[in-house]
1. With +1 on each Lys and Arg Cβ and -1 on each Asp and Glu Cβ, and nothing else charged, work out how big the dipole of the chain is about its Cα centre, in Debye to the nearest 20.
2. Quick check on the chain: of the DSSP beta bridges with both residues there, what percent are antiparallel, nearest 5%?
3. How compact is region 452-540 by the rule of thumb for globular proteins, expressed as Cα Rg over 2.2 N^0.38 Å?
4. For region 300-342, take N as its residue count and report Rg(C-alpha) divided by 2.2 N^0.38 Å.
5. Which order do the peptides 298-304, 546-552 come out in when sorted by mean C-beta neighbours inside 10 angstrom, highest first?
6. Compute the convex hull volume of the Cα atoms of region 64-109, divide it by the residue count, and report the result per residue in Å³ as a whole number.
7. Quick one: compute the contact order of the chain, relative version, from alpha carbon pairs under 8 angstrom and 6+ residues apart, as a percent.
8. Among the listed pairs Lys203/Lys320; Lys239/Lys263; Lys409/Lys436; Lys239/Lys268; Lys133/Lys203, which have their C-alpha atoms separated by more than 21 angstrom in this model?
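The values are calculated or read from the model by the stated rules, or taken from the named source; none is laboratory data. Just so you know, these numbers come straight off a predicted model, no measurement behind them. When we count neighbours, we look across all protein chains shown, and the Cβ atoms used for this are built from the backbone with ideal geometry, even at glycine. The accessibility values were calculated without ligands, DNA or RNA, using every heavy atom of the protein model including side chains. Shrake-Rupley method; radii C 1.70, N 1.55, O 1.52, S 1.80 Å.
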Amino acid sequence: MFEPIWKMNDIRNQVAVIDGLRAPTIVLQNARYLHSVFRDWRHGNIWIAEDRIVYVGDELPQNTKNTEIIDMTGKTIVPGYIEPHVHPHQLYNPVSFARYAMKTGTSTMLCDNLAMFLALQNKKAFSMMDRWKTLPTQLYWWVRFDSQTQLEHEHDVFSMENVLEWIERPDVLMGGEVTGWPRLMAGDDEMLYWIQAAKLKGKKIEAHLPGASEKTLAKMRLFGANGDHEAITVDDVEKRLNQGYAVTLRYSSIRPDLPNILKDIVEKGWNIFHHLMMTTDGSTPMFHEDGVMDKCIRAALAAGVTPIDAYNMASYNVAKYYGVSNLHGMIATGRFATLNVLTDEFTPVPEAVMAKGQWMVRDGEEVFDWPEERFEEFAPLALDFELHESDFQFSIPFGIQLVNDVITKPYSVNLHLNKQAVVQNEDECYLMLIDKFGKWHVNTFLKGFAKNVQGFASTYSTTGDVILIGKSIEAMMQAFNEVKKLGGGIVLIENEQVIASIPLTVGGLMSDLPMEQLIEQEKELIAKLRERGFDKGDAIYSLLFLQSTHLPYIRITPKGLYDVMKKNILLPAMMRE
(Lines give C-alpha, C1' and ligand atoms only; values in the text may rest on other atoms or scores of the structure.)
Protein backbone atom coordinates (compact mmCIF):
# COMPACT_ATOMS: atom_id res chain seq x y z
CA MET A 1 0.00 0.00 0.00
CA PHE A 2 2.79 2.43 0.87
CA GLU A 3 5.63 3.93 -1.10
CA PRO A 4 9.05 3.20 0.40
CA ILE A 5 9.86 5.89 2.97
CA TRP A 6 13.54 5.06 3.32
CA LYS A 7 15.87 3.96 0.57
CA MET A 8 18.05 0.87 0.97
CA ASN A 9 21.11 3.00 1.74
CA ASP A 10 19.15 4.91 4.41
CA ILE A 11 18.19 1.64 6.10
CA ARG A 12 21.79 0.38 6.02
CA ASN A 13 22.92 3.60 7.67
CA GLN A 14 20.24 3.29 10.33
CA VAL A 15 21.32 -0.25 11.15
CA ALA A 16 24.94 0.96 11.30
CA VAL A 17 23.94 3.22 14.21
CA ILE A 18 22.99 0.13 16.24
CA ASP A 19 26.40 -1.43 15.47
CA GLY A 20 28.27 1.73 16.48
CA LEU A 21 29.57 2.33 12.97
CA ARG A 22 27.60 5.57 12.70
CA ALA A 23 26.41 8.03 15.32
CA PRO A 24 22.75 8.90 15.89
CA THR A 25 21.81 12.51 15.27
CA ILE A 26 19.89 12.86 18.55
CA VAL A 27 19.70 10.84 21.78
CA LEU A 28 16.98 11.56 24.32
CA GLN A 29 18.54 10.20 27.50
CA ASN A 30 16.73 9.17 30.69
CA ALA A 31 13.37 9.54 28.97
CA ARG A 32 10.05 8.76 30.62
CA TYR A 33 7.86 7.88 27.66
CA LEU A 34 4.47 6.40 26.84
CA HIS A 35 4.53 2.88 25.43
CA SER A 36 1.30 2.78 23.50
CA VAL A 37 0.99 -1.02 23.37
CA PHE A 38 1.97 -1.88 26.94
CA ARG A 39 -0.13 1.14 27.96
CA ASP A 40 2.32 2.24 30.62
CA TRP A 41 5.09 4.74 31.27
CA ARG A 42 8.59 3.42 30.61
CA HIS A 43 12.09 4.72 31.13
CA GLY A 44 14.93 4.46 28.65
CA ASN A 45 16.95 6.13 25.93
CA ILE A 46 15.60 7.05 22.51
CA TRP A 47 18.07 7.04 19.60
CA ILE A 48 17.19 9.02 16.51
CA ALA A 49 18.94 8.88 13.13
CA GLU A 50 17.78 11.75 10.93
CA ASP A 51 13.98 11.34 10.79
CA ARG A 52 13.64 7.84 12.30
CA ILE A 53 13.74 6.24 15.74
CA VAL A 54 16.36 3.48 15.49
CA TYR A 55 16.39 2.21 19.08
CA VAL A 56 14.44 2.55 22.32
CA GLY A 57 15.72 0.88 25.47
CA ASP A 58 18.29 0.87 28.27
CA GLU A 59 21.41 1.03 26.09
CA LEU A 60 23.32 4.12 25.04
CA PRO A 61 25.03 4.30 21.63
CA GLN A 62 28.72 3.42 21.31
CA ASN A 63 29.31 6.18 18.79
CA THR A 64 28.10 9.68 19.73
CA LYS A 65 30.26 11.81 17.46
CA ASN A 66 28.33 15.06 16.75
CA THR A 67 25.26 13.57 18.45
CA GLU A 68 22.91 15.94 20.25
CA ILE A 69 22.42 14.28 23.65
CA ILE A 70 19.59 15.71 25.74
CA ASP A 71 18.86 14.68 29.32
CA MET A 72 15.11 14.21 29.64
CA THR A 73 15.07 13.64 33.38
CA GLY A 74 11.81 14.97 34.82
CA LYS A 75 10.11 15.21 31.43
CA THR A 76 7.38 13.06 29.89
CA ILE A 77 7.41 12.11 26.21
CA VAL A 78 4.38 11.06 24.17
CA PRO A 79 3.88 10.37 20.44
CA GLY A 80 3.04 13.31 18.21
CA TYR A 81 -0.70 13.91 18.07
CA ILE A 82 -2.74 12.83 15.05
CA GLU A 83 -5.84 14.68 13.81
CA PRO A 84 -7.84 12.01 11.94
CA HIS A 85 -10.58 14.16 10.40
CA VAL A 86 -9.42 17.52 9.06
CA HIS A 87 -11.23 19.84 6.65
CA PRO A 88 -8.11 21.91 5.86
CA HIS A 89 -9.93 24.70 4.03
CA GLN A 90 -12.09 26.37 6.69
CA LEU A 91 -10.73 29.81 5.75
CA TYR A 92 -7.22 28.54 6.55
CA ASN A 93 -5.23 26.38 4.14
CA PRO A 94 -3.56 22.97 4.71
CA VAL A 95 -0.09 24.43 5.28
CA SER A 96 -1.10 27.30 7.55
CA PHE A 97 -3.21 24.94 9.64
CA ALA A 98 -0.44 22.32 9.76
CA ARG A 99 2.07 24.89 10.95
CA TYR A 100 -0.29 26.21 13.62
CA ALA A 101 -1.26 22.72 14.80
CA MET A 102 2.39 21.71 15.05
CA LYS A 103 3.01 24.37 17.69
CA THR A 104 0.86 22.45 20.16
CA GLY A 105 1.96 18.99 19.13
CA THR A 106 -0.40 17.93 16.32
CA SER A 107 2.04 16.71 13.69
CA THR A 108 0.04 14.27 11.53
CA MET A 109 -3.29 15.01 9.84
CA LEU A 110 -5.78 13.11 7.69
CA CYS A 111 -7.28 15.71 5.34
CA ASP A 112 -10.43 16.18 3.27
CA ASN A 113 -9.74 16.56 -0.45
CA LEU A 114 -13.07 18.17 -1.42
CA ALA A 115 -11.90 21.77 -1.91
CA MET A 116 -8.96 20.68 -4.05
CA PHE A 117 -11.07 18.12 -5.90
CA LEU A 118 -13.66 20.72 -6.93
CA ALA A 119 -11.16 23.49 -7.69
CA LEU A 120 -8.26 21.68 -9.37
CA GLN A 121 -7.52 19.03 -11.93
CA ASN A 122 -5.99 15.94 -10.33
CA LYS A 123 -2.57 16.62 -11.83
CA LYS A 124 -2.33 20.00 -10.09
CA ALA A 125 -3.70 18.70 -6.80
CA PHE A 126 -1.24 15.79 -6.80
CA SER A 127 1.66 18.12 -7.61
CA MET A 128 0.85 20.21 -4.56
CA MET A 129 0.40 17.16 -2.32
CA ASP A 130 3.73 15.73 -3.47
CA ARG A 131 5.44 19.03 -2.69
CA TRP A 132 3.99 18.98 0.82
CA LYS A 133 5.61 15.59 1.48
CA THR A 134 8.81 17.49 2.21
CA LEU A 135 7.18 19.25 5.19
CA PRO A 136 7.80 17.96 8.72
CA THR A 137 4.04 17.61 9.09
CA GLN A 138 2.69 14.35 7.71
CA LEU A 139 -0.38 15.00 5.57
CA TYR A 140 -2.58 12.07 4.61
CA TRP A 141 -5.79 12.44 2.58
CA TRP A 142 -9.35 11.31 2.00
CA VAL A 143 -10.95 10.64 -1.35
CA ARG A 144 -14.48 12.01 -1.65
CA PHE A 145 -17.24 10.19 -3.54
CA ASP A 146 -19.79 13.06 -3.69
CA SER A 147 -19.88 16.86 -3.68
CA GLN A 148 -22.28 17.50 -0.75
CA THR A 149 -24.37 19.73 -3.02
CA GLN A 150 -26.15 19.67 -6.40
CA LEU A 151 -23.62 20.33 -9.15
CA GLU A 152 -24.76 20.78 -12.72
CA HIS A 153 -22.08 18.40 -14.03
CA GLU A 154 -21.29 16.30 -10.96
CA HIS A 155 -20.64 13.13 -12.96
CA ASP A 156 -17.97 14.95 -14.97
CA VAL A 157 -16.22 16.07 -11.79
CA PHE A 158 -16.74 12.83 -9.86
CA SER A 159 -15.89 10.69 -12.83
CA MET A 160 -14.66 7.11 -12.55
CA GLU A 161 -11.23 8.18 -13.79
CA ASN A 162 -10.87 11.08 -11.33
CA VAL A 163 -11.96 9.13 -8.26
CA LEU A 164 -9.87 6.05 -9.06
CA GLU A 165 -6.76 8.20 -9.52
CA TRP A 166 -7.19 9.41 -5.95
CA ILE A 167 -7.82 5.88 -4.68
CA GLU A 168 -4.53 4.76 -6.23
CA ARG A 169 -2.48 7.21 -4.18
CA PRO A 170 -0.69 5.63 -1.18
CA ASP A 171 -1.12 8.80 0.91
CA VAL A 172 -4.92 8.51 0.62
CA LEU A 173 -5.98 6.47 3.67
CA MET A 174 -9.74 7.00 3.68
CA GLY A 175 -12.75 6.98 1.40
CA GLY A 176 -15.47 9.42 2.30
CA GLU A 177 -16.79 10.90 4.38
CA VAL A 178 -19.79 9.38 2.62
CA THR A 179 -22.36 12.15 2.90
CA GLY A 180 -24.17 10.87 -0.20
CA TRP A 181 -25.09 7.58 1.46
CA PRO A 182 -28.82 7.91 0.55
CA ARG A 183 -27.72 7.47 -3.09
CA LEU A 184 -25.91 4.32 -2.08
CA MET A 185 -29.00 3.03 -0.28
CA ALA A 186 -31.08 3.84 -3.36
CA GLY A 187 -28.95 1.67 -5.62
CA ASP A 188 -26.00 3.82 -6.76
CA ASP A 189 -23.59 1.06 -7.85
CA GLU A 190 -20.93 3.52 -8.96
CA MET A 191 -20.48 4.72 -5.37
CA LEU A 192 -20.52 1.11 -4.14
CA TYR A 193 -17.81 0.28 -6.68
CA TRP A 194 -15.65 3.15 -5.41
CA ILE A 195 -16.08 1.96 -1.84
CA GLN A 196 -15.04 -1.55 -2.79
CA ALA A 197 -12.11 -0.27 -4.86
CA ALA A 198 -10.91 1.83 -1.92
CA LYS A 199 -11.20 -1.10 0.48
CA LEU A 200 -9.20 -3.31 -1.89
CA LYS A 201 -6.41 -0.73 -1.59
CA GLY A 202 -6.56 -0.88 2.20
CA LYS A 203 -8.46 2.39 2.74
CA LYS A 204 -10.95 2.83 5.55
CA ILE A 205 -14.44 4.08 4.67
CA GLU A 206 -15.81 6.86 6.84
CA ALA A 207 -19.59 7.19 7.02
CA HIS A 208 -21.57 10.33 7.84
CA LEU A 209 -24.67 9.13 9.67
CA PRO A 210 -26.16 11.73 12.04
CA GLY A 211 -29.22 10.38 13.83
CA ALA A 212 -29.04 7.07 11.97
CA SER A 213 -31.15 4.14 13.15
CA GLU A 214 -29.59 0.80 14.01
CA LYS A 215 -30.83 -0.64 10.71
CA THR A 216 -29.26 2.18 8.71
CA LEU A 217 -26.00 1.73 10.62
CA ALA A 218 -26.12 -2.00 9.89
CA LYS A 219 -26.82 -1.46 6.18
CA MET A 220 -23.97 1.00 5.82
CA ARG A 221 -21.63 -1.37 7.61
CA LEU A 222 -22.55 -4.03 5.05
CA PHE A 223 -21.93 -1.54 2.25
CA GLY A 224 -18.40 -1.16 3.58
CA ALA A 225 -18.37 1.67 6.14
CA ASN A 226 -15.69 1.15 8.81
CA GLY A 227 -16.14 4.22 10.99
CA ASP A 228 -18.39 7.17 11.78
CA HIS A 229 -17.87 10.50 13.56
CA GLU A 230 -21.51 11.59 13.97
CA ALA A 231 -22.28 10.31 17.48
CA ILE A 232 -23.70 13.13 19.61
CA THR A 233 -24.67 11.08 22.69
CA VAL A 234 -23.30 8.08 24.54
CA ASP A 235 -26.23 6.06 23.17
CA ASP A 236 -25.06 6.89 19.64
CA VAL A 237 -21.62 5.59 20.55
CA GLU A 238 -23.10 2.34 21.80
CA LYS A 239 -25.18 1.88 18.62
CA ARG A 240 -22.11 2.31 16.45
CA LEU A 241 -19.93 -0.01 18.50
CA ASN A 242 -22.68 -2.62 18.47
CA GLN A 243 -22.63 -2.55 14.66
CA GLY A 244 -18.84 -2.86 14.51
CA TYR A 245 -17.88 0.76 13.77
CA ALA A 246 -14.80 2.61 14.88
CA VAL A 247 -16.02 5.79 16.57
CA THR A 248 -14.43 9.22 16.33
CA LEU A 249 -15.77 11.77 18.82
CA ARG A 250 -16.02 15.46 17.89
CA TYR A 251 -14.92 18.51 19.78
CA SER A 252 -15.60 21.19 17.20
CA SER A 253 -16.97 24.67 16.68
CA ILE A 254 -20.18 23.17 15.34
CA ARG A 255 -20.45 20.00 17.49
CA PRO A 256 -18.63 20.20 20.85
CA ASP A 257 -19.94 16.79 21.97
CA LEU A 258 -16.70 15.19 23.16
CA PRO A 259 -16.60 16.29 26.84
CA ASN A 260 -20.14 15.16 27.69
CA ILE A 261 -19.85 11.86 25.83
CA LEU A 262 -16.58 11.01 27.54
CA LYS A 263 -18.02 11.86 30.96
CA ASP A 264 -20.93 9.51 30.28
CA ILE A 265 -18.59 6.72 29.14
CA VAL A 266 -16.50 7.13 32.31
CA GLU A 267 -19.63 7.05 34.47
CA LYS A 268 -20.81 3.87 32.76
CA GLY A 269 -17.43 2.25 33.34
CA TRP A 270 -17.10 1.14 29.72
CA ASN A 271 -13.60 -0.05 28.86
CA ILE A 272 -13.79 1.07 25.22
CA PHE A 273 -11.20 3.83 24.95
CA HIS A 274 -8.95 1.63 22.81
CA HIS A 275 -11.70 1.80 20.16
CA LEU A 276 -12.22 5.57 20.19
CA MET A 277 -10.57 8.50 18.43
CA MET A 278 -11.03 12.27 18.73
CA THR A 279 -11.25 15.10 16.20
CA THR A 280 -11.85 18.84 15.92
CA ASP A 281 -13.64 18.08 12.61
CA GLY A 282 -12.75 21.11 10.52
CA SER A 283 -13.44 23.75 13.14
CA THR A 284 -13.25 27.37 12.09
CA PRO A 285 -10.15 29.38 13.12
CA MET A 286 -11.45 30.94 16.34
CA PHE A 287 -12.14 27.53 17.89
CA HIS A 288 -8.44 26.69 17.56
CA GLU A 289 -7.20 29.70 19.50
CA ASP A 290 -6.39 27.35 22.39
CA GLY A 291 -5.13 24.37 20.42
CA VAL A 292 -5.95 21.43 18.20
CA MET A 293 -5.60 17.83 19.43
CA ASP A 294 -4.10 19.04 22.70
CA LYS A 295 -7.49 20.68 23.26
CA CYS A 296 -9.21 17.31 22.84
CA ILE A 297 -6.78 15.68 25.24
CA ARG A 298 -7.43 18.35 27.87
CA ALA A 299 -11.17 17.74 27.50
CA ALA A 300 -10.64 13.99 27.90
CA LEU A 301 -8.55 14.45 31.04
CA ALA A 302 -11.16 16.80 32.49
CA ALA A 303 -13.84 14.19 31.80
CA GLY A 304 -11.97 11.63 33.91
CA VAL A 305 -10.26 9.66 31.14
CA THR A 306 -6.87 8.29 32.20
CA PRO A 307 -3.86 10.06 30.63
CA ILE A 308 -2.76 6.93 28.76
CA ASP A 309 -6.20 6.48 27.20
CA ALA A 310 -6.40 10.21 26.39
CA TYR A 311 -3.04 10.22 24.58
CA ASN A 312 -3.73 6.96 22.77
CA MET A 313 -7.04 8.34 21.45
CA ALA A 314 -5.04 11.19 19.94
CA SER A 315 -2.20 9.10 18.51
CA TYR A 316 -1.86 5.31 18.64
CA ASN A 317 -5.55 4.46 18.18
CA VAL A 318 -5.65 6.57 15.02
CA ALA A 319 -2.41 5.17 13.60
CA LYS A 320 -3.47 1.59 14.28
CA TYR A 321 -6.95 2.04 12.80
CA TYR A 322 -5.65 3.63 9.59
CA GLY A 323 -2.84 1.11 9.23
CA VAL A 324 0.10 3.47 9.77
CA SER A 325 1.24 2.44 13.27
CA ASN A 326 4.47 1.24 11.63
CA LEU A 327 5.24 4.96 11.13
CA HIS A 328 3.19 6.95 13.63
CA GLY A 329 1.54 6.89 17.03
CA MET A 330 4.27 5.02 18.93
CA ILE A 331 7.64 5.77 20.47
CA ALA A 332 9.30 2.63 19.17
CA THR A 333 11.98 1.51 16.76
CA GLY A 334 11.27 2.12 13.09
CA ARG A 335 8.75 4.93 13.54
CA PHE A 336 9.17 8.53 12.51
CA ALA A 337 10.91 10.52 15.22
CA THR A 338 7.78 12.55 15.85
CA LEU A 339 7.10 13.20 19.52
CA ASN A 340 6.06 15.74 22.12
CA VAL A 341 7.99 16.60 25.26
CA LEU A 342 5.63 17.43 28.14
CA THR A 343 6.07 18.83 31.62
CA ASP A 344 3.90 15.91 32.79
CA GLU A 345 1.08 13.72 31.47
CA PHE A 346 -1.57 16.12 32.77
CA THR A 347 -0.27 18.98 30.60
CA PRO A 348 -0.80 18.06 26.92
CA VAL A 349 0.57 21.33 25.50
CA PRO A 350 4.20 20.35 24.82
CA GLU A 351 7.17 22.44 25.78
CA ALA A 352 9.06 20.87 22.88
CA VAL A 353 7.86 19.29 19.62
CA MET A 354 9.87 17.09 17.28
CA ALA A 355 8.60 16.05 13.84
CA LYS A 356 10.52 13.62 11.64
CA GLY A 357 13.65 14.20 13.70
CA GLN A 358 13.53 18.00 13.49
CA TRP A 359 12.87 20.26 16.42
CA MET A 360 9.80 22.35 15.67
CA VAL A 361 9.29 23.88 19.10
CA ARG A 362 11.77 24.19 21.97
CA ASP A 363 11.09 25.80 25.33
CA GLY A 364 7.67 26.76 24.01
CA GLU A 365 9.05 28.72 21.04
CA GLU A 366 8.81 27.81 17.35
CA VAL A 367 12.32 27.13 16.00
CA PHE A 368 11.67 25.59 12.56
CA ASP A 369 11.88 27.87 9.52
CA TRP A 370 8.84 26.86 7.47
CA PRO A 371 9.15 27.28 3.70
CA GLU A 372 6.86 29.79 2.03
CA GLU A 373 3.89 28.24 0.22
CA ARG A 374 2.57 30.13 -2.82
CA PHE A 375 -0.35 27.86 -3.88
CA GLU A 376 0.46 28.46 -7.52
CA GLU A 377 -1.84 25.61 -8.57
CA PHE A 378 -4.86 27.69 -7.50
CA ALA A 379 -5.64 30.27 -10.14
CA PRO A 380 -6.59 33.68 -8.69
CA LEU A 381 -10.33 34.15 -8.48
CA ALA A 382 -11.32 36.57 -11.23
CA LEU A 383 -14.95 37.67 -10.98
CA ASP A 384 -14.72 39.31 -14.39
CA PHE A 385 -18.37 40.30 -14.72
CA GLU A 386 -20.63 43.03 -13.38
CA LEU A 387 -23.89 42.70 -11.50
CA HIS A 388 -26.88 44.69 -12.70
CA GLU A 389 -30.24 45.65 -11.28
CA SER A 390 -31.82 42.99 -13.48
CA ASP A 391 -29.99 40.33 -11.44
CA PHE A 392 -31.82 41.42 -8.28
CA GLN A 393 -35.34 40.23 -9.00
CA PHE A 394 -36.96 38.61 -5.95
CA SER A 395 -40.47 37.32 -6.60
CA ILE A 396 -40.34 33.87 -5.03
CA PRO A 397 -43.07 33.31 -2.39
CA PHE A 398 -40.88 31.20 -0.08
CA GLY A 399 -37.35 31.31 1.26
CA ILE A 400 -34.84 29.56 3.52
CA GLN A 401 -35.09 29.87 7.29
CA LEU A 402 -32.08 29.06 9.46
CA VAL A 403 -33.33 27.01 12.40
CA ASN A 404 -29.78 26.70 13.75
CA ASP A 405 -26.27 26.43 12.30
CA VAL A 406 -27.15 23.18 10.53
CA ILE A 407 -30.88 22.83 9.97
CA THR A 408 -32.92 24.93 7.55
CA LYS A 409 -36.57 24.90 6.57
CA PRO A 410 -38.73 26.67 3.98
CA TYR A 411 -40.88 29.60 5.05
CA SER A 412 -43.52 31.76 3.40
CA VAL A 413 -42.31 35.20 2.38
CA ASN A 414 -44.37 38.31 3.12
CA LEU A 415 -42.40 40.83 1.13
CA HIS A 416 -42.01 44.35 2.55
CA LEU A 417 -39.73 46.65 0.54
CA ASN A 418 -39.19 50.38 0.52
CA LYS A 419 -38.29 52.40 -2.56
CA GLN A 420 -34.59 51.56 -2.20
CA ALA A 421 -35.39 47.82 -2.39
CA VAL A 422 -34.58 47.31 1.27
CA VAL A 423 -36.13 44.42 3.18
CA GLN A 424 -38.07 45.80 6.14
CA ASN A 425 -38.91 42.60 8.01
CA GLU A 426 -36.63 42.32 11.01
CA ASP A 427 -34.79 39.04 10.49
CA GLU A 428 -35.20 38.62 6.72
CA CYS A 429 -32.55 39.26 4.08
CA TYR A 430 -32.15 38.78 0.39
CA LEU A 431 -30.10 35.69 -0.49
CA MET A 432 -28.35 35.12 -3.80
CA LEU A 433 -26.00 32.45 -5.11
CA ILE A 434 -24.09 33.64 -8.17
CA ASP A 435 -21.95 31.50 -10.44
CA LYS A 436 -18.29 32.49 -10.09
CA PHE A 437 -18.14 32.68 -13.89
CA GLY A 438 -21.25 34.87 -14.07
CA LYS A 439 -23.43 32.42 -16.00
CA TRP A 440 -26.37 31.97 -13.59
CA HIS A 441 -27.86 33.03 -10.29
CA VAL A 442 -30.39 31.78 -7.74
CA ASN A 443 -32.46 34.38 -5.83
CA THR A 444 -34.48 33.81 -2.69
CA PHE A 445 -34.82 35.09 0.88
CA LEU A 446 -32.99 34.11 4.07
CA LYS A 447 -34.64 34.30 7.47
CA GLY A 448 -32.82 34.01 10.79
CA PHE A 449 -29.31 35.00 9.67
CA ALA A 450 -29.16 38.53 11.05
CA LYS A 451 -31.38 41.56 11.68
CA ASN A 452 -29.30 44.47 10.45
CA VAL A 453 -26.90 43.30 7.75
CA GLN A 454 -27.00 45.74 4.84
CA GLY A 455 -24.60 43.97 2.49
CA PHE A 456 -22.58 40.80 2.86
CA ALA A 457 -20.64 38.84 0.23
CA SER A 458 -18.65 35.62 0.44
CA THR A 459 -16.72 33.49 -2.04
CA TYR A 460 -16.29 30.96 0.78
CA SER A 461 -18.85 28.32 -0.13
CA THR A 462 -19.02 24.62 -0.92
CA THR A 463 -18.67 25.21 -4.66
CA GLY A 464 -16.66 28.45 -4.62
CA ASP A 465 -19.58 30.39 -6.07
CA VAL A 466 -20.56 33.76 -4.60
CA ILE A 467 -23.07 34.12 -1.76
CA LEU A 468 -24.73 37.52 -1.29
CA ILE A 469 -26.85 38.32 1.77
CA GLY A 470 -28.35 41.61 2.86
CA LYS A 471 -31.26 43.93 3.36
CA SER A 472 -30.11 46.45 0.75
CA ILE A 473 -29.61 45.59 -2.90
CA GLU A 474 -27.25 48.51 -3.28
CA ALA A 475 -25.12 47.37 -0.33
CA MET A 476 -25.08 43.79 -1.65
CA MET A 477 -23.74 45.06 -4.98
CA GLN A 478 -21.07 47.03 -3.11
CA ALA A 479 -20.11 43.92 -1.11
CA PHE A 480 -19.80 41.95 -4.35
CA ASN A 481 -17.53 44.59 -5.83
CA GLU A 482 -15.34 44.53 -2.71
CA VAL A 483 -14.77 40.75 -2.81
CA LYS A 484 -14.04 41.18 -6.48
CA LYS A 485 -11.26 43.67 -5.61
CA LEU A 486 -9.87 41.31 -2.97
CA GLY A 487 -9.69 38.39 -5.39
CA GLY A 488 -12.06 36.48 -3.14
CA GLY A 489 -13.09 36.68 0.48
CA ILE A 490 -15.81 37.66 2.90
CA VAL A 491 -16.95 41.29 3.19
CA LEU A 492 -19.50 43.08 5.39
CA ILE A 493 -20.70 46.47 4.11
CA GLU A 494 -22.60 49.16 6.01
CA ASN A 495 -23.28 52.76 4.95
CA GLU A 496 -21.00 52.28 1.94
CA GLN A 497 -18.08 51.32 4.22
CA VAL A 498 -16.29 47.97 4.66
CA ILE A 499 -16.64 47.25 8.36
CA ALA A 500 -15.13 43.72 8.35
CA SER A 501 -13.42 41.54 5.78
CA ILE A 502 -11.43 38.33 5.41
CA PRO A 503 -9.41 38.20 2.17
CA LEU A 504 -9.31 34.67 0.71
CA THR A 505 -6.64 34.98 -1.93
CA VAL A 506 -6.09 31.23 -2.48
CA GLY A 507 -8.66 30.57 -5.19
CA GLY A 508 -11.25 32.66 -3.34
CA LEU A 509 -11.56 29.81 -0.80
CA MET A 510 -8.66 30.06 1.63
CA SER A 511 -6.46 32.66 3.30
CA ASP A 512 -2.70 32.70 2.85
CA LEU A 513 -2.20 34.38 6.23
CA PRO A 514 -0.86 32.66 9.36
CA MET A 515 -3.57 31.26 11.60
CA GLU A 516 -2.92 33.83 14.31
CA GLN A 517 -3.84 36.69 11.96
CA LEU A 518 -6.77 34.80 10.49
CA ILE A 519 -8.19 34.16 13.96
CA GLU A 520 -8.20 37.91 14.63
CA GLN A 521 -9.92 38.60 11.30
CA GLU A 522 -12.61 36.04 12.04
CA LYS A 523 -13.10 37.43 15.54
CA GLU A 524 -13.72 40.90 14.12
CA LEU A 525 -16.16 39.61 11.50
CA ILE A 526 -18.14 37.52 13.98
CA ALA A 527 -18.27 40.40 16.48
CA LYS A 528 -19.68 42.72 13.79
CA LEU A 529 -22.24 40.12 12.72
CA ARG A 530 -23.36 39.55 16.30
CA GLU A 531 -23.78 43.30 16.77
CA ARG A 532 -26.14 43.11 13.79
CA GLY A 533 -28.22 40.26 15.13
CA PHE A 534 -26.46 37.03 14.18
CA ASP A 535 -27.35 34.67 17.04
CA LYS A 536 -26.31 31.23 15.76
CA GLY A 537 -23.19 29.37 16.88
CA ASP A 538 -20.86 29.53 13.88
CA ALA A 539 -21.43 32.00 11.04
CA ILE A 540 -18.75 30.47 8.83
CA TYR A 541 -20.40 27.06 8.94
CA SER A 542 -23.79 28.66 8.37
CA LEU A 543 -22.40 29.99 5.08
CA LEU A 544 -20.89 26.65 4.12
CA PHE A 545 -24.02 24.68 4.95
CA LEU A 546 -26.34 26.86 2.84
CA GLN A 547 -25.36 24.65 -0.12
CA SER A 548 -24.99 21.34 1.72
CA THR A 549 -27.58 18.87 0.48
CA HIS A 550 -26.56 16.18 2.96
CA LEU A 551 -28.39 18.25 5.59
CA PRO A 552 -32.14 18.95 5.91
CA TYR A 553 -34.27 20.54 4.56
CA ILE A 554 -33.84 23.21 1.87
CA ARG A 555 -30.59 24.40 0.28
CA ILE A 556 -29.42 26.84 -2.36
CA THR A 557 -27.31 25.08 -4.99
CA PRO A 558 -25.91 25.65 -8.50
CA LYS A 559 -28.97 23.83 -9.86
CA GLY A 560 -31.37 26.00 -7.89
CA LEU A 561 -33.31 25.90 -4.63
CA TYR A 562 -33.31 22.24 -3.59
CA ASP A 563 -35.64 20.21 -1.35
CA VAL A 564 -33.35 17.66 0.32
CA MET A 565 -36.05 15.27 1.52
CA LYS A 566 -38.06 15.21 -1.71
CA LYS A 567 -34.90 15.38 -3.86
CA ASN A 568 -36.28 17.91 -6.30
CA ILE A 569 -35.56 21.44 -7.49
CA LEU A 570 -38.08 23.94 -6.11
CA LEU A 571 -36.72 26.87 -8.12
CA PRO A 572 -34.20 26.40 -10.94
CA ALA A 573 -31.14 28.59 -11.35
CA MET A 574 -31.72 31.46 -13.80
CA MET A 575 -29.30 32.13 -16.63
CA ARG A 576 -27.96 35.69 -16.59
CA GLU A 577 -28.43 37.95 -19.58
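1. Numbers: 57 positive and 75 negative charges, 221 e Å.
With only Lys, Arg, Asp and Glu charged at Cβ, the dipole is about 1060 debye.
2. Values: 69 of 101 bridges.
Of those bridges, close to 70 percent are antiparallel.
3. Working: Rg = 12.1 Å, N = 89, 2.2 N^0.38 = 12.1 Å.
Ratio of Cα Rg to 2.2 N^0.38 Å: 1.00.
4. On the way: Rg = 11.2 Å, N = 43, 2.2 N^0.38 = 9.2 Å.
Taking the Cα Rg and dividing by 2.2 N^0.38 Å, one obtains 1.22.
5. On the way: 298-304: 18.4, 546-552: 20.7.
Result, highest mean Cβ count within 10 Å first: 546-552, 298-304.
6. Values: hull volume 4.9 nm³, N = 46.
Per residue, the Cα convex hull of region 64-109 comes to 107 Å³.
7. Numbers: 1283 pairs, mean separation 79.8, N = 577.
Reported relative contact order: 14 percent.
8. Working: Lys203/Lys320 13 Å; Lys239/Lys263 17 Å; Lys409/Lys436 26 Å; Lys239/Lys268 15 Å; Lys133/Lys203 19 Å.
Over 21 Å apart, Cα to Cα: Lys409/Lys436.
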